[in-house]
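For reference, the structure I am asking about is given below.
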Amino acid sequence: MNDEDELIESALAGDSSSFEILVFRYQDRLFTAMISVVGGAEEAEDVVQEAFIQAYLKLDTFQRNSRFFTWLYRIAFNFALARRRKARNLVSLDEARENVGHEPESELDAPDNRMTRFEDAKLVHNALALLTEDHRAILVLREMEDMAYEEIAEVLDISIGTVRSRLNRARFALKAQLEKFPEWNPKA
């Protein structure tokens, strides 16, 4: 039994501090992923909070045939999709620009390199906001969360073949959106 399994067992036995450790361990990673899914920090906070509440309430249903984070991500992702469908509000380009978070920076980078990367990240986030939910979700899971195809298939409840084909179409769609931005200058 690993540390995560022990924390889950302890939480199931009524030790809320064990679940708090799981929250602390995964909250930042889940928040960052949800910003990319929902397009804004405030909405991502709501989604993450709801996901942890649901995970706590349904912890006894976690079957442990996947990692805890994968299960938690699926809860958050499904909640985010339900919220988006309910609201039926599209994120405007201006709103997406305002909500883009800063990317981590290396202290060794020259200022002009950091600025270029920041501008590129903003463009990618803006282009992501213009994609369909399916395309945005699969790109976030693979490219930002670095999930394996098997994990993506589990989170999205689709086959691995569908993951491959959808990912290919999503990359093409993202490239097409980026090419619409006059300031996009892909590096060779």
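Taking the criterion of being among the β-branched types (Val, Ile, Thr), assigned to a helix (DSSP H, G or I) and within 19 Å of residue 79 (Cα to Cα), would at least one residue in the range 147-158 satisfy it? Spell out the reasoning first.
First, the residues of the range 147-158 that are among the β-branched types (Val, Ile, Thr): 152, 155, 158.
Going one step further and asking which of them are assigned to a helix (DSSP H, G or I), we end up with 152, 155.
Add one more test, that the residue is within 19 Å of residue 79 (Cα to Cα), and what stays is 152, 155.
Yes, there is a match, as at least one residue in the range 147-158 is among the β-branched types (Val, Ile, Thr), assigned to a helix (DSSP H, G or I) and within 19 Å of residue 79 (Cα to Cα).
Return the residues of the range 162-171 that are of a type outside the set (Lys, Arg) and touching a helix residue (DSSP H, G or I) at 6+ places or on another chain (Cβ under 9 Å); say none if nothing qualifies. So that I can check it myself, show each step before the final result.
If we filter the range 162-171 for residues that are of a type outside the set (Lys, Arg), which is where we start, we get 162-163, 165, 167-168, 170.
162, 163, 167, 170 - these are the residues of the range 162-171 that are of a type outside the set (Lys, Arg) and touching a helix residue (DSSP H, G or I) at 6+ places or on another chain (Cβ under 9 Å).
Taking the residues in the range 28-80 that are touching an Asp or Glu at 6+ places or on another chain (Cβ under 6 Å) and in a helix (DSSP H, G or I) as candidates, determine which candidate is nearest to residue 170 (Cα to Cα).
Kept after step one, since they are touching an Asp or Glu at 6+ places or on another chain (Cβ under 6 Å), are these residues of the range 28-80: 33, 66, 68, 70, 79.
From what's left, in a helix (DSSP H, G or I): 33, 68, 70, 79.
Working: 33: 17, 68: 26, 70: 21, 79: 21 Å.
Looking at the filtered set, the residue picked out is 33.
To continue, here is another question. Take the conditions exposed (fewer than 15 other Cβ atoms within 10 Å of the Cβ), within 20 Å of residue 14 (Cα to Cα) and among the acidic types (Asp, Glu) and apply them to residue 60. Does it pass?
Numbers: exposed (fewer than 15 other Cβ atoms within 10 Å of the Cβ): yes; within 20 Å of residue 14 (Cα to Cα): yes; among the acidic types (Asp, Glu): yes.
Against the criterion (exposed (fewer than 15 other Cβ atoms within 10 Å of the Cβ), within 20 Å of residue 14 (Cα to Cα) and among the acidic types (Asp, Glu)), residue 60 qualifies.
All of the numbers you see were taken from the coordinates with simple rules; none came from a lab. For clarity, every value in this text was computed on a predicted model and none was experimentally measured. As a convention, Cβ positions derive from the backbone with ideal geometry for all residues, glycine included, and neighbour counts pool all protein chains shown.
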